[in-house]
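Visitor: Below: one structure in structure tokens.
The values are calculated or read from the model by the stated rules, or taken from the named source; none is laboratory data. The structure displayed is predicted, hence computed values, not measured ones. Note that we place each Cβ from the backbone using ideal geometry, even for glycine, and neighbour counts take in every protein chain shown.
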Amino acid sequence: MDAKDMARIEAHLKRTFANATLSLKARPKQKDSAEVYIGDEFIGLIYQDEDEDGSFMFEMAILAEDLDA
């Protein structure tokens, strides 16, 4: 994933989630994805969509210990 795509996706996510602290960081070993952070907290991954050129997928895990009982 190149810097231009990362900047476009980051801007889109900031608008969509109304959160200026959201950021994307390149992954050193995987070139097809980027890490998503809110502030210093890792929240998920963005992957290039293998089926549709120019599209991306956002994956976010929600762990049981993160949920309020």
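Visitor: Quick one: which strands (runs of 3 or more DSSP E) sit completely within the chain and have at least 1 residues that are of a type in the set (Lys, Arg)?
Guide: In the chain, the matching strands (runs of 3 or more DSSP E) lie at 22-26.
Visitor: Next up: Output the residues belonging to region 1-37 that are at pLDDT 95 or above, surrounded by 15 or more Cβ atoms within 10 Å (Cβ to Cβ), touching a Phe, Trp or Tyr at 6+ places or on another chain (Cβ under 9 Å) and not hydroxyl-bearing (Ser, Thr, Tyr).
Guide: Once the filter is applied, which keeps residues that are at pLDDT 95 or above, surrounded by 15 or more Cβ atoms within 10 Å (Cβ to Cβ), touching a Phe, Trp or Tyr at 6+ places or on another chain (Cβ under 9 Å) and not hydroxyl-bearing (Ser, Thr, Tyr), region 1-37 yields Ile9, Leu13, Leu22, Leu24, Ala34, Glu35, Val36.
Visitor: Provide a single number: the residues in region 8-24 that are closer than 15 Å to Met57 by Cα and touching a residue at least 12 places away in the same chain (Cβ under 8 Å).
Guide: Final tally of qualifying residues: 4.
Visitor: Considering only region 38-63, state which residues are among the aliphatic types (A, V, I, L, M), surrounded by 12 or more Cβ atoms within 10 Å (Cβ to Cβ) and without any contact (Cβ under 8 Å) to a residue 24 or more places away in the chain.
Guide: Ile38, Ile43, Leu45, Met57
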